[in-house]
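Accompanying notes for the structure given below.
The values are calculated or read from the model by the stated rules, or taken from the named source; none is laboratory data. Everything numeric in this text was worked out from a predicted model, so none of it was measured. FYI the Cβ positions are ideal-geometry reconstructions off the backbone, even for glycines, and counts take in every protein chain you see. These accessible areas exclude ligands, DNA and RNA; they are computed on the full protein's heavy atoms, side chains included. Shrake-Rupley method; radii C 1.70, N 1.55, O 1.52, S 1.80 Å.
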Amino acid sequence: MTIAAVCLAGCGSTNGSATPASTPQFVDPAAQASSADPAAAPSAPAGAAPAPSASPSAPASPVKPSASATAAADVEYVFPVDASNVDWHDTHSKYPATDIFVNCGSPFVATTSGRVLEVSLTDTYVEGKPDGPANGGLSVSILGDDGVRYYGSHLSKVQSGIRAGVRVKAGQLLGLTGKTGNANDVCHLHYGISPPCAKTGDWKVRRGVVWPYTYLASWRKDGQKSPVASVATWKRKNNCQA
């Protein structure tokens, strides 16, 4: 597949050898490491030593893992495009996201198991209009079982039966890649990772707030790197304001 060397609105430099002929101003990925100082343990109050006759305290019962922790351990991640020849950005114009370049008609699949949040079946984008939800053209977003939202747009087709509320499994077909919306006649999948926030309608968050590159690199090699911590950090710092 020949990766288009044209990168306009919403695109950045690729991680491969292809170099866009027209390069917008990019936002560099910011380090998203979060560190929290552990709370200092309170000092135990001074007291007399226990009497020799005092019976030893019973050992603490083992703590069972919470249901959410168990569910998180069961989450499976897959690369969102089922194709052998792909290329994607490690930067993106204006906000954190990734453009995955691939042939038109390649399968766009669910990153992980979850439920469909929003589906756009009609391309209403008009060139020259201000940025808005129509930029993505045909699109699908899902809320993963890990609590993270995954969004793919510029599709040529949404798979029959994919609608809001439908449950999907990791790797399930959601649609076919294309160049609807503001894809500028270049076949690619715009891919965004975000917290669900308002779940629907919050297109500025939905389009992407966490850099996807390292997660995509992991999933491409069948790794299981999770964006849960980075998404939680962004939400805590920004209170869902993108």
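Numerical summary
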item: Filter result for Gly165 (over 22 Å from Lys204 (Cα atoms), of a type outside the set (Val, Ile, Thr) and not in a strand (DSSP E or B)); result: no
item: Condition check for Asp185: modelled with pLDDT under 95 and among the acidic types (Asp, Glu); result: yes
item: Counted residues, region 101-125 - those being in contact with an Asp or Glu (Cβ under 6 Å, 6 or more places away or on another chain) and either open to solvent by 70 Å² or more (accessible area, probe 1.4 Å) or aromatic (Phe, Trp, Tyr) (or both); result: 1
item: Any hit, region 220-228, residues being part of a helix (DSSP H, G or I) and over 15 Å from Cys104 (Cα atoms); result: yes
item: Residue in region 117-124 that is under 15 Å from Pro196 (Cβ atoms) and under 15 Å from the mean Cα position of the chain (by Cα) present; result: yes
item: Residue satisfying condition, being farther than 28 Å from Ala229 by Cβ and surrounded by fewer than 17 Cβ atoms within 10 Å (Cβ to Cβ), within set Gly128, Gly137, Gly175; result: Gly128
